[in-house]
1. So how much slack lies between residue 131 and residue 22, counting 0.36 nm per residue of separation and subtracting their Cα-Cα distance, in nm?
2. Mind giving me the FRET efficiency for residue 109 and residue 72? R0 is 22 Å, r the Cβ-Cβ distance, nearest 0.05 is fine.
3. How much solvent-accessible surface does residue 113 expose, in Å² to the nearest 10, with a 1.4 Å probe and all protein chains in place?
4. When the accessible area of the range 44-162 is computed with all protein chains present and a 1.4 Å probe, what percentage of it is carbon and sulfur?
5. What accessible area per residue comes out for the range 42-162, rounded to a whole number of Å², with a 1.4 Å probe?
6. For residue 117 and residue 138, what is the calculated FRET efficiency with R₀ set at 30 Å and r taken between the beta-carbons, to the nearest 0.05?
7. Please calculate the 1.4 Å probe accessible area of residue 77, with all protein chains present, and give it to the nearest 10 Å².
Amino acid sequence: MQEEVENKAVNLAISTSKLSVRTVMNGVRLYLNHRSKVKVKNSQKAAEVPHGKQTVRELVGQNQGVSTIPIAETELKGFEKVAKKYGVDFAIRKDSSVSPPRYTVFFKARDADALTAAYKEYSAQTMQRSKRPSVRKQLSKLIALTASIPNRIRQKSQERDL
């Protein structure tokens, strides 16, 4: 493998030595143009501000002030869905020093109104979910009801007369 790399490097050196100075200069110019375009793309990616769910470090690094709100662990995915709907930039942090662990939502201070609306919608959804009857309980009632019904067995038989 190492020999192949060395041979290719030697071949490259030999093939470039046969080129004229003008061709080498054009190649260097094209390379430098490519490098400058790559730098511009990388700087644009670095300048983009992340949105939605992110780490606490990214959120604090945006220098816009951070506020917190505690949340129950049961429906984190539901909260993330609602927060994404409202366009809130947030980060969720788990505090496992307490039993059961607590979750804290960090969000930008400028997103306070949007987060308040998102939290109201999320809490309304969880309240509705708690009011709905359990499907397992309904299923167990139906199983008990069907067990109490007497079994009707149909017997199909065909008789032939001679």
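1. Values: separation 109, 0.36 × 109 = 39.24 nm, distance 7.96 nm.
So the extension gain works out to 31.3 nm.
2. Numbers: r = 23 Å, r/R0 = 1.05.
Efficiency computed from Cβ-Cβ geometry: 0.45.
3. 130 Å²
4. Answer for the range 44-162 is 52 percent, counting heavy atoms of protein chains only.
5. Details: 10110 Å² over 121 residues.
With all protein chains present, the range 42-162 gives 84 Å² per residue.
6. On the way: r = 33 Å, r/R0 = 1.12.
The pair residue 117/residue 138 has a calculated efficiency of 0.35.
7. 150 Å²
The values are calculated or read from the model by the stated rules, or taken from the named source; none is laboratory data. This is a predicted model, so every value here is computed, not measured. As a convention, Cβ positions derive from the backbone with ideal geometry for all residues, glycine included, and neighbour counts pool all protein chains shown. These area figures cover heavy atoms from the full protein model, side chains too; ligands, DNA and RNA do not enter into them. Shrake-Rupley method; radii C 1.70, N 1.55, O 1.52, S 1.80 Å.
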